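Worksheet for the structure shown next.
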Amino acid sequence: MELRQMQYFVTVCGLRNMSRAARQLFVSRQALSKSMAKLSEELGVPLFVPTARGVQPTEFARRFSPGSGGYCGRSRRSSATSISAGTRAFPAGGI
């Protein structure tokens with residue numbers, strides 16, 4: 001498991017859509033799907049179930065996600081907001 005995979009996982013959990021997550025992460029949808037499939041294989045369980053509007057995290061994914069309740073356990077809007085705020089924030093000041 002790589003840190004990059006965890007970042008991808010958390011983003012997909014928050015947005016619940018592979019295409020939107022790929023755009024936010026600046027990777028292709030295929031690369032993101034492949035990374036999530038690899039993580040799922042490493043863990044030995046499925047992480048997401050496809051739906052008509054994107055993906056739904058499995059029970060394991062909701063429990064596996066970092067933090068109290070994890071990003072997968074939160075609502076889409078609050079997760080997407082917290083994730084996008086975290087990825088756009090840069091430290092201020094100089095060295």
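Rule-based calculations on the coordinates, nothing more; no lab input. What you see is a predicted model; the values in this text were computed from it and never measured. Here Cβ is always computed from backbone atoms with ideal geometry, including for glycine, and neighbour counts include all displayed protein chains.
Values as computed for the structure displayed
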{"quantity": "Phe48 long-range amide H proximity, modeled H, under 5 Å", "calculated": "Thr58"}
{"quantity": "Peptides 53-62, 39-48 ordered by average Cβ neighbours within 10 Å, highest first", "calculated": "53-62, 39-48"}
{"quantity": "Average Cα contact separation per residue, segment 3-49, under 8 Å, 6 or more apart, as relative contact order %", "calculated": "32 percent"}
